[in-house]
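Down below is the structure, laid out as structure tokens.
The values are calculated or read from the model by the stated rules, or taken from the named source; none is laboratory data. No experiment lies behind these values; they were computed from the predicted model shown. Cβ sites come from the backbone with ideal geometry, for glycine too, and all protein chains shown count toward neighbours. Protein only, heavy atoms only, side chains kept; ligands, DNA and RNA dropped before computing areas. Shrake-Rupley method; radii C 1.70, N 1.55, O 1.52, S 1.80 Å.
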Amino acid sequence: MSQPIVLLLSGPNLNLLGERQPEVYGTATLDDHVEASTAAASARGLALEHVQSNHEGELVDAIHAARGRCAAIVVNPGAFTHYAWAIHDALAVFDGPVVELHLSNPASREPWRHTSVVAPVADGTVAGFGLLGYRMAIDAVANLLDG
Ligand code: DQA
């Protein structure tokens with residue numbers, strides 16, 4: 001039987017991880033994060049798919065395409081976290097567990113980062129743990145899928 005799929009979604013500017021504000025986001029690249037997530041998923045009997053986009057509509061399309069096909073979503077929406085209601089609405093019609101993920105802790109940063117429009121449609125949020133957070137988020141969805 002094929003393994004349940006976790007969709008890892010990465011929003012805008014996350015393709016620049018490694019070069020982008022390393023003092024905030026660390027030196028690991030997006031590929032490093034995907035590799036850690038894939039290993040964490042595999043350890044829990046899950047397959048991982050990754051989509052990165054700098055465009056809100058592409059992330060909405062990826063969420064729609066996950067419906068009925070993917071078991072869970074881990075999403076780091078980047079700056080879309082703070083205002084992208086179309087991503088909120090798309091996640092609201094996804095059936096499985098959703099975990100919101102951030103490398104940094106937006107709550108300890110600028111006030112405009114304190115609002116998340118994704119949090120109300122997520123089962124929970126992992127924030128502030130850098131690379132470790134990716135493993136934590138995968139573990140969180142695996143536990144939610146285990147019931
Ligand atoms: C981020 C936090 C957001 O506020 C920011 O716009 C990002 C990255 C994080 O992973 O810490 O692009 O989602």
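Could you list, in sequence order, the residues of the range 89-108 that are within 12 Å of residue 119 (Cα to Cα) and open to solvent by 20 Å² or more (accessible area, probe 1.4 Å)?
Those that are within 12 Å of residue 119 (Cα to Cα) and open to solvent by 20 Å² or more (accessible area, probe 1.4 Å): 89, 92.
Do we find that residue 65 is at negative phi and either open to solvent by less than 50 Å² (accessible area, probe 1.4 Å) or touching a helix residue (DSSP H, G or I) at 6+ places or on another chain (Cβ under 7 Å) (or both) in this structure? It would help to see each step written out before you state the result.
Working: at negative phi: yes; either open to solvent by less than 50 Å² (accessible area, probe 1.4 Å) or touching a helix residue (DSSP H, G or I) at 6+ places or on another chain (Cβ under 7 Å) (or both): no.
Against the criterion (at negative phi and either open to solvent by less than 50 Å² (accessible area, probe 1.4 Å) or touching a helix residue (DSSP H, G or I) at 6+ places or on another chain (Cβ under 7 Å) (or both)), residue 65 does not qualify.
Could you run through the range 97-110 and say how many residues are more than 9 Å from the ligand (Cβ to nearest atom) and part of a helix (DSSP H, G or I)?
Final tally of qualifying residues: 2.
Do we find that residue 71 is hydrophobic (A, V, I, L, M, F, W, C), more than 16 Å from the ligand (Cβ to nearest atom), touching a residue at least 60 places away in the same chain (Cβ under 8 Å) and within 22 Å of residue 124 (Cβ to Cβ) in this structure? Quick ask: steps written out before the conclusion?
Values: hydrophobic (A, V, I, L, M, F, W, C): yes; more than 16 Å from the ligand (Cβ to nearest atom): yes; touching a residue at least 60 places away in the same chain (Cβ under 8 Å): yes; within 22 Å of residue 124 (Cβ to Cβ): yes.
The answer is yes for residue 71.
Taking the range 1-51 on its own, how many of its residues are more than 14 Å from residue 139 (Cβ to Cβ), open to solvent by 30 Å² or more (accessible area, probe 1.4 Å), touching a residue at least 60 places away in the same chain (Cβ under 8 Å) and more than 16 Å from the ligand (Cβ to nearest atom)?
Qualifying residue count, the range 1-51: 2.
Please indicate, with yes or no, whether at least one residue in the range 131-140 is closer than 20 Å to residue 51 by Cα, in contact with a Ser or Thr (Cβ under 6 Å, 6 or more places away or on another chain) and open to solvent by 20 Å² or more (accessible area, probe 1.4 Å). Step through it out loud before you land on a result.
Of the range 131-140, the ones closer than 20 Å to residue 51 by Cα are 131-140.
Filter again for in contact with a Ser or Thr (Cβ under 6 Å, 6 or more places away or on another chain), leaving 134, 138.
With the extra rule that they be open to solvent by 20 Å² or more (accessible area, probe 1.4 Å), the set shrinks to none.
No, the range 131-140 has no match at all.
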